[in-house]
Amino acid sequence: MAGGYATFATAGKHTEPHSVRRITHNGAPVPLTTPTARRPIGAEVAEQVSQALTDSLNAAHTAVSTATATGTSGTTADDTAARYAGTAQSVPTAVVVHRMDPATSLEPLPLKGIAGTPADSVPYAVWSGAMDLG
């Protein structure tokens, strides 16, 4: 999801996520191939989606009125995961919360409300803290 949000935030350009910026061997640079950007959606559509996501963030979290951040929340149909995904300061980030009991199974368990409400969720709290939105 973070990759999708990055595409909207960059006017429709998408680059596959990567984290290696440089490689050296004995102090000498090693050639590194990085993904190239492509434009899967037009800039105008990306701007419209970004504005809708900004409106969504501001409507759900009125204390964080901002024109530069985007975000939405969601859950799985069976309530075994909750998420918040968005972009702030040009950094796309997605937070997902699961519940399981590794002593019995690795199958996700229902959250039963422990992830909070859509307006005050655990994923949003983690996301907004990481994005320094308070």
task: Give, in whole angstrom and from largest to smallest, the semi-axes √(5λ) of the equivalent ellipsoid of the chain, with λ running over the eigenvalues of the Cα gyration tensor.
output: 29, 23, 14
- prompt: Helix 43-60 versus the longest principal axis of the chain: what angle, 0 to 90°, nearest 10, using Cα atoms?
  reply: 30
field: Amide proton proximity set for Gly12, modelled H, under 5 Å, gap of 5+
entry: none
- prompt: Once label points are set 7 Å from the Cα along Cα→Cβ at both Val96 and Ser65, what is their separation, rounded to one decimal in nm?
  reply: 3.5
task: Beyond 16 Å, what share of the Cα-Cα pairs of segment 17-93 is found? Please give it as a whole percent.
output: 68
message: For segment 1-127, what does the accessible surface come to per residue with a 1.4 Å probe? Please give it in Å².
response: 64
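The values are calculated or read from the model by the stated rules, or taken from the named source; none is laboratory data. The structure displayed is predicted, hence computed values, not measured ones. Here the Cβ is made from the backbone with ideal geometry for all residues, glycine too, and neighbour counts use every protein chain on show. These area figures cover heavy atoms from the full protein model, side chains too; ligands, DNA and RNA do not enter into them. Shrake-Rupley method; radii C 1.70, N 1.55, O 1.52, S 1.80 Å.
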